Amino acid sequence: MKYYNSNTIIYLDGAFEKAVNSSTDLYGQSLHYGYAAFEGIRAYKTHNGNRIFKAAAHFDRLERSCQLANIPFPWDKQELIDATYKLLQLNKLKDAYIRPLVFLPPQHETELAKWCFDHDLCLGMGCLFGQQAFKINRF
């Protein structure tokens with residue numbers, strides 16, 4: 001299965017754009033060290049239109065994952081849910097897998113990206129780190 005094509009729209013740091021026009025830096029913390037957080041969410045076609053399964057709970061869990069890794073999560077979750085529905089609409093997807101992804105470029109600013117694939121939708125996010133970025137969490 002091809003994940004995207006020349007018409008695929010993504011959501012990157014607050015804006016919708018074509019996937020073929022997006023890029024990432026090869027020196028980012030997420031690429032080199034896996035310093036990122038993601039969530040997997042499903043959307044389904046129903047008799048009432050598209051529905052994202054437990055969207056709020058999934059974005060709550062993504063936020064918690066970021067907290068545990070000391071990755072700031074400055075986004076409004078309802079705005080992310082709304083943007084996800086818009087992304088499904090723009091890509092004409094009914095049943096989809098949604099992948100919110102919080103990742104960091106080289107300068108420790110995070111990025112918000114959402115990719116939309118046939119049965120796949122990925123999201124990514126970003127913010128600034130302070131002195132506590134690499135604090136160890138005890139469980």
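The values are calculated or read from the model by the stated rules, or taken from the named source; none is laboratory data. This is a predicted model, so every value here is computed, not measured. Here the Cβ is made from the backbone with ideal geometry for all residues, glycine too, and neighbour counts use every protein chain on show.
Could you tell me which residue of region 38-63 is nearest to Leu101 (Cα to Cα), considering only residues that are touching a residue at least 24 places away in the same chain (Cβ under 8 Å) and assigned to a helix (DSSP H, G or I)?
Leu62
Of all the residues that make up region 7-33, how many are part of a loop (DSSP other than H, G, I, E, B) and under 15 Å from the mean Cα position of the chain (by Cα)?
Residues that pass the stated criteria total 5.
Return the residues of region 14-32 that are free of Cβ contacts under 8 Å to residues at least 60 places away in the same chain and of a type outside the set (A, V, I, L, M); say none if nothing qualifies.
Glu17, Lys18, Asn21, Ser23, His32 - these are the residues of region 14-32 that are free of Cβ contacts under 8 Å to residues at least 60 places away in the same chain and of a type outside the set (A, V, I, L, M).
Among the listed residues Tyr11, Tyr35, which satisfies the condition of being surrounded by 16 or more Cβ atoms within 10 Å (Cβ to Cβ), within 16 Å of Ala96 (Cβ to Cβ) and touching a residue at least 60 places away in the same chain (Cβ under 8 Å)?
Being surrounded by 16 or more Cβ atoms within 10 Å (Cβ to Cβ), within 16 Å of Ala96 (Cβ to Cβ) and touching a residue at least 60 places away in the same chain (Cβ under 8 Å) holds for just one of Tyr11, Tyr35, which is Tyr11.
Which residues, taken from region 95-117, are at pLDDT below 85 and farther than 25 Å from Asp25 by Cα?
Hits for region 95-117: nothing passes.
Say whether the condition of being modelled with pLDDT under 80 and loosely packed, with under 14 Cβ neighbours inside 10 Å is met by at least one residue in region 63-76.
no
Any idea how many residues of region 14-32 are surrounded by 15 or more Cβ atoms within 10 Å (Cβ to Cβ), within 20 Å of Gln89 (Cα to Cα) and aliphatic (A, V, I, L, M)?
Adding up the residues that qualify gives 1.
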